[in-house]
1. At 0.890 mPa s and 25 °C, plugging the Kirkwood radius over alpha-carbon pairs of the chain into Stokes-Einstein gives what diffusion coefficient in µm²/s?
2. To make sure I understand, if each residue's beta carbon is the centre and we count other beta carbons within 10 Å, what order do THR259, THR146, THR249 fall in, fewest to most?
3. At a Förster distance of 25 Å, what's the computed FRET efficiency of THR70 paired with LEU114, Cβ-Cβ distance as r, to 0.05?
4. Would you mind working out the magnitude of the charge dipole of segment 53-92 relative to its Cα centre, with +1 at each Lys and Arg C-beta and -1 at each Asp and Glu C-beta, to the nearest 20 Debye?
5. Collect residues whose amide H, placed 1.01 Å from N in the peptide plane, falls under 5 Å from the amide H of ASP33; neighbours closer than 5 in sequence don't count.
6. Once you have the Cα-Cα distance between ASP269 and ALA303, take 0.36 nm times their residue separation minus that, and quote the gain in nm to one decimal.
7. Let me check I have the definition right: for segment 174-305, take the eigenvalues of the Cα gyration tensor, multiply each by 5, take square roots. What are those semi-axes in whole Å, largest first?
8. Between HIS4 and LEU155, with labels modelled 7 Å along Cα→Cβ, what's the label distance in nm to one decimal, could you check?
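Nothing in this text is a laboratory measurement; each read-out follows from the coordinates by a stated rule. Predicted model only: the values in this text are computed from it and were never measured. Ideal geometry is used to build each Cβ from the backbone, glycine not excepted, and the neighbour counts take in all protein chains shown.
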Amino acid sequence: MASHYIQACTNGRLHDAATPSIAPLNRGFLYGDAIYEVWRTYHGVVFAWEEHWRRLEQSAEALYFSLPLTAREAHREIERTILAYREVVKSNDALYIRLQVSRGTGPIGLDVALAGRAEYVIFVQPNKEHSPEVLAQGLTLSVAQTLRRNPADALNPAWKTGNYLNNILCLREARARGADEVLILNRAGEVTEAAVSNIAFVRNGEVITPPLSAGILGGITREILLRDVAPAAGVVVREETIRPEEFGTFDECFLLSTTKDVTPVASIDDILFEVSPESVTARLKHAFANYTRGYASRNPHLAVS
C-alpha cells in the first residue's frame, strides 16, 4: 500500500488522500470552480516556488476569488504534509506536490455569492519520472481531430483551473489511436500544446515554440527554459506560430512540463523526429538538470524533508 500512498492535507487536516475530506457541496466538485498548482522537488528543494505561486495568484484573480493561504502559510502546510508522507513512505524520492484551491462550499447554484470561504487541499506523492527507455525512445504524439483547444475568450488555457475536460477528451482520442500524448490545435488550426505539457520544436539548431497568444498555459518549465536554460546552453529560442503542415521541416520535438521537465518526442502521427544523446533536446535536458542543482543551492530556505 505504501508505494501508492498519497498524503493529503485538507484545510490544515492531515489524512490519507483516499479518505473523503470535502463536502459534496464543494464548488470544485460541483462545477470545477477551482484552481491549482503543481510543484516538484529537485535535490530536496521545492522547485520554482515563486513562479508557481505567482501563477496561482493570477489564476485566483482571473476567477475572482481570494486564496485562503499566504505563500508563507502554504509552504508551511506543504512541509507538514511532506513530513506526514515521509512517516508512511520511507524514501527520499523526488516528490509531486499539488495545491488545489476551490471557491468554497455553499448551496447548489452557479452564483459565486453562494460560496463560502475558499478551501484548499494539498497532495503529496512520488514524482512519476519517465523511464530511461522512454527518454531514449521518445514519446509518440497524435494531433486531436475531433476537438480544438478552448479559446482564450471562452475559458482561457492560461488559467490553471479545475476544469480539464478539453484536455481529457483530446487525450482520450490520441490514446485510442495508440499514441502516448495528444497535440491540440486551436480554432485557427495552429499548434497549442499537449494535454499537460507545452511543446517545442528544433530546426537547424534553434528551438521554436508556440507563443502564449496561440492559447496555451504559460508553463513554468517553458518560462525557465526561455529565460535561463536555453541561453546558458547556447541555444536560440524563438516564439512563432506553428501549423501541422510544418512538422516535416523540424529536426526534433520535445515536451516541457513541471513534473518531467524536458521530454523528447519521437513522432507526431507519421512525422518522425531525431531522438539521440547528441540532440539539442538532450543538451537542453542536461542544461535543465544543471539549473535545478543551482536553484537548490541558491534556495536552501525552500528545502523540505
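1. On the way: Rh = 20.3 Å.
This corresponds to a translational diffusion coefficient of 121 µm²/s.
2. Numbers: THR259 17, THR146 8, THR249 12.
Listing THR259, THR146, THR249 from fewest to most nearby Cβ atoms yields THR146, THR249, THR259.
3. On the way: r = 26 Å, r/R0 = 1.02.
It comes to 0.45.
4. Working: 7 positive and 6 negative charges, 38 e Å.
Dipole size: approximately 180 debye.
5. Correct list: GLY28.
6. Numbers: separation 34, 0.36 × 34 = 12.24 nm, distance 4.15 nm.
Once the chain is fully extended between ASP269 and ALA303, it gains 8.1 nm.
7. On the way: eigenvalues 131, 53, 43 Å².
With the √(5λ) rule applied to segment 174-305, the semi-axes are 26, 16, 15 Å.
8. 2.9 nm
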